[in-house]
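The structure appears below as structure tokens.
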Amino acid sequence: MGKGGGCVPSKNRPPKGVSDQDLRNPESDGLVSDQNQTQTTQTNPIDHAIAQRQLRVFIVFYSMYGHVEVLARRIKKGVDSIDGVEGFLYRVPETLSSEVLEQMKVPKKDGNADEVPVILAERLVEADGLLFGFPTRYGSMAAQMKAFFDSTGHLWTEQRLAGVPAGFFVSTGTQGGGQETTAWTAITQLAHHGMLYVPIGYTFGAGMFEMDSLRGGSPYGAGVLSGDGTRKPSETELALAEHQGKYMAGIVKRFAQPSFRVPGLGLD
């Protein structure tokens, strides 16, 4: 299994005796999620003015029948396993009426003890990294996720998300249902915001070449094959999702280093 942090070359290697973990994000913009737990500030041998804080990866998804949500929760496990980074789960708003959802036999989500909160677009600026998950609709993202992206116009106007690492994970009904196209047709959303697309490539190692059983996922990101809706994610699909969480957390840590923050260019 590849390590996310090692896949991005660093332009500012730390001096002898100082580890990568000693390099922290200098920002202290106060946009801290109520779910977040900040770390105790420690003296940094590189720059005494740099304050430590927990980095945040927002895992924002739409899941109608639960397949994408299962991936999202496993991705969070991967993010949380990386020191100094924490994952947060959020849903995008539903656009269909309750009557339509009932006719489609969509499980009700309200009232569950572990219910994931709905996110509004303005909260995205609080994240150090973003992972968006959604099911396919004819090879592209579901309308609910597209509506959410359409609501980010005010962030686009000011390029508030420029320079933020972001990636995708998806669900499709069949192997040919859009495991790759669903992700790459979504890249346009990131491009207009100036976000940095982070695919996983083949960093998952041998698991990317598994041919003995059905498997979702691609170099674009984790994925699950839902079939008629009754198929559950395989252990390989879940492991790939967890890997994507670890990989993104490593990338976020790299970009949080002072050398990657450029004032005045949308990266400050």
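General observations
- Among residues of the stretch 85-100, those that are surrounded by fewer than 17 Cβ atoms within 10 Å (Cβ to Cβ) and touching a residue at least 12 places away in the same chain (Cβ under 8 Å), counted: 4
- Any hit, the stretch 212-228, residues being in contact with a strand residue (DSSP E or B) (Cβ under 7 Å, 6 or more places away or on another chain) and of a type in the set (Ser, Thr, Tyr): yes
- Here the stretch 69-84 is the region considered, the condition is being small (Gly, Ala, Ser) and open to solvent by less than 60 Å² (accessible area, probe 1.4 Å), and the residue that is nearest to Gly245 (Cα to Cα) is Gly78.
- Test: residue in the stretch 218-225 that is in contact with a Pro (Cβ under 8 Å, 6 or more places away or on another chain), at pLDDT below 90 and small (Gly, Ala, Ser): no
- Against the test of being touching a strand residue (DSSP E or B) at 6+ places or on another chain (Cβ under 7 Å) and over 21 Å from Ile251 (Cα atoms), the options Val85, Val116, Val79 yield a single qualifying residue, Val116.
- Any chance Asp212 is closer than 25 Å to Val106 by Cα, of a type in the set (Asp, Glu) and assigned to a loop (DSSP other than H, G, I, E, B): no
- The single condition among (1) open to solvent by less than 50 Å² (accessible area, probe 1.4 Å); (2) under 30 Å from Lys253 (Cβ atoms) that Gly66 does not satisfy is (2).
- Among residues of the stretch 57-76, those that are outside any helix (DSSP H, G or I) and within 11 Å of the chain's Cα centre (by Cα), counted: 5
- Scan the stretch 158-216 for residues that are among the β-branched types (Val, Ile, Thr), free of Cβ contacts under 8 Å to residues at least 24 places away in the same chain and either closer than 23 Å to Arg73 by Cα or surrounded by 17 or more Cβ atoms within 10 Å (Cβ to Cβ) (or both) and the total you get is 1.
- Checking every residue in the stretch 110-123 against the condition of being in a helix (DSSP H, G or I), at pLDDT 95 or above, open to solvent by less than 80 Å² (accessible area, probe 1.4 Å) and closer than 26 Å to Leu238 by Cβ gives zero matches.
- Residues that are surrounded by fewer than 24 Cβ atoms within 10 Å (Cβ to Cβ) and assigned to a strand (DSSP E or B), drawn from the stretch 219-260: Leu225
- Residues within the stretch 77-108 that are part of a helix (DSSP H, G or I) and acidic (Asp, Glu), tallied: 3
The values are calculated or read from the model by the stated rules, or taken from the named source; none is laboratory data. These numbers were taken from a predicted model, which means no experiment stands behind them. Neighbour counts run over all protein chains shown; Cβ positions are idealised from the backbone, glycine included. Side chains are part of the model used for accessible areas, which takes the heavy atoms of the whole protein and leaves out ligands, DNA and RNA. Shrake-Rupley method; radii C 1.70, N 1.55, O 1.52, S 1.80 Å.
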